[in-house]
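Reviewing the structure listed below.
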Amino acid sequence: MDIKNKNLEGIDTEALAQVLKEQLARKDPWIFITEFCKTNYSKQGEDGLFGTVSETIPPFDYLKKVVYHLHHSRKVAIPKSRRMLITWVVLCYCLWYVLFHEDASVYLQKLKEDDAGFADPNESLCSRVMKVYNKLPPGLKQKQELGITKKPPVINFKDTRSIIFGVAEGPDQLRGKDASIIVIDEMAMLDKNKETITTIMPIVNTGAKLICISTPNGQEYFYKICKGLEEEQ
């Protein structure tokens, strides 16, 4: 049966398929990310050159493993490099979480508050979250308009009462916070990453999810975290 046939007993089966897919996306972050999250990322063309495209996240096997661990593990550390789409996938997962979980608090930490917030529309973390959100179909968006402030960076998802915060590096930025997810981006490049982890571990131990991602920078503290989680596995 062709699910796109619109003449099946008067039922618009294409629209029905879309609704069913959206319902699945609410439950499954992998479906949400690979079917609905359109991003601007660098992709190699047939000529061998890289150009920016706006497409959904490709369903690569390694990304599926990343999403599995983001969803099922409480402590995740991911070494990355350019064009791996790791940061995009992590941000899309955070977006999925706040869209479909009530009273969630997600903290996106980077070197400077502007880097975590809205300063650069293509690179700042909250800007990238909004870029994905704005391209979602209406059935996956919030009914109420999002509340957005630039300083400090905050995205308020009013339907679910969930919030994304952009914060600068440093342990004081996260000390004593009630967090659902904490993302530390480019952790190996931060000055106080060890102190930050020490400060937020009580939050993680009470149920928060910690996601550390970074380009490698020698055998410093991020390397030790990756090594430690690998041995813990």
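Per-structure values
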item	result
Percentage, to the nearest whole number, of Cα pairs in region 137-233 over 19 Å apart	51
Contact order relative to length of the chain, as percent, for alpha carbon pairs under 8 angstrom and 6 or more apart	19
Cysteines not pairable in the chain (beta carbon separation under 4.7 Å absent)	Cys94, Cys126, Cys212, Cys226
For region 80-143, average projected area of the Cα convex hull in nm²	5.0
Relative intensity, log₁₀ I(q)/I(0), of the chain from a Debye sum that treats every alpha carbon as a point, q = 0.08, 0.09, 0.18 Å⁻¹	-0.31, -0.39, -1.45
Label-point separation in nm, Leu16 to Arg161, each point 7 Å along Cα→Cβ	3.7
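Just so you know, all these numbers are worked out from the coordinates, no wet-lab data involved. Owing to the predicted nature of the structure, the values given are computational and were not obtained by experimental measurement. So basically every Cβ, Gly included, is an ideal-geometry build from the backbone, and we count neighbours across all protein chains shown.
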